[in-house]
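What follows is a set of notes on a single structure, which appears directly below.
Bear in mind that the values in this text are calculations on the coordinates, not laboratory data. Remember, predicted model here, so these are calculated numbers, not experimental data. We place every Cβ from the backbone using ideal geometry, glycine too, and count neighbours over all the protein chains shown.
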Amino acid sequence: GAGVSQSPRYKVAKRGQDVALRCDPISGHVSLFWYQQALGQGPEFLTYFQNEAQLDKSGLPSDRFFAERPEGSVSTLKIQRTQQEDSAVYLCASSPPLWRLEPSRSYEQYFGPGTRLTVT
Amino acid sequence: SQQGEEDPQALSIQEGENATMNCSYKTSINNLQWYRQNSGRGLVHLILIRSNEREKHSGRLRVTLDTSKKSSSLLITASRAADTASYFCATDPSYGKLTFGQGTILTVHP
């Protein structure tokens, strides 16, 4: 089946613009995660959804960052008034409900290709 | 902030050689995972080892975990040019909130 998809793949924004990044998880996956990856670094956790509930948003860098998943499937990460330090690759990942998994497959996450955001 | 430190930051080897990457972390974990990332692509899950396991194998991959030292290693045997990528360890305290290391860039020369 189809994997996790993200759009757009590339986004160039002028400083101060708002952007919206979309994530389509694998169908039936309950958990959805957003990560931010700066150049040359590992991904850093931003936020986590279980179905439509945002259970952890501790990684969001500021109140300019907002994420939603209103129907428990597609998620959108919105960044308001973008700044140059927001330039990064934004990765989305999903994972299935634990009850569907064999114990050895628990917690494996399936990543999308990412959206590369460049703020000029 | 990154939880883990990976060592080495970069590794260059010839095809057929083994590659070993190390990861250290700071807090208690439920499991530790290794991911691969090819340039410009998303991450691909390689292997997961639980906190009560010491060693795990998958094909040419061997992972060890030492919770007393808070460290893990990934061994890739008989490397191939296609193994060229960045490799990340990620710790999971419970429900999947992964904390990644900075990664090791592996280059395998044909």
With an 8 Å Cα cut-off and a minimum separation of 6 or more residues, compute the relative contact order for chain A in percent. 36
Of A:52, A:68, A:108, which has the largest mean-square fluctuation in a 10 Å C-alpha GNM of chain A? A:108
Relative pair counts by distance (%), Cα atoms of chain A, 5 Å bins: 2, 12, 22, 25, 19, 11, 5, 2, 1, 0
Could you tell me the largest-minus-smallest coordinate of the C-alpha atoms of the protein assembly as shown on each of the three principal axes, in descending order and whole angstroms? 48, 40, 35
Peptide-level mean, for A:25-37, of C-beta atoms on other protein chains within 10 Å: 1
Candidates A:109, A:80, A:41, ranked by Gaussian network fluctuation over chain A, Cα under 10 Å, top entry: A:41
How compact is segment B:38-101 by the rule of thumb for globular proteins, expressed as Cα Rg over 2.2 N^0.38 Å? 1.18
Out of A:62, A:94, A:31, any idea which swings most in a Gaussian network model of chain A, alpha carbons joined below 10 Å? A:62
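With all distinct Cα pairs included, what does the Kirkwood hydrodynamic radius of segment A:39-94 come out to in Å, to one decimal, could you say?
12.2
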Listing B:44, A:119, A:30 by rising number of other beta-carbon atoms within 10 angstrom, fewest first, gives B:44, A:30, A:119
Debye log10 I(q)/I(0) for segment A:1-48, one point scatterer per Cα, at q = 0.17, 0.24 Å⁻¹: -0.69, -1.14
For chain B, alpha-carbon Rg relative to the globular expectation (2.2 N^0.38 Å, N residues): 1.00
Give me the inter-chain shielding for B:33-42: mean count of other chain Cβ atoms within 10 Å, whole number please. 4
What residues qualify as long-range amide H neighbours of residue A:64, i.e. H under 5 Å apart, gap of 5 or more or another chain, H built at 1.01 Å from N? none
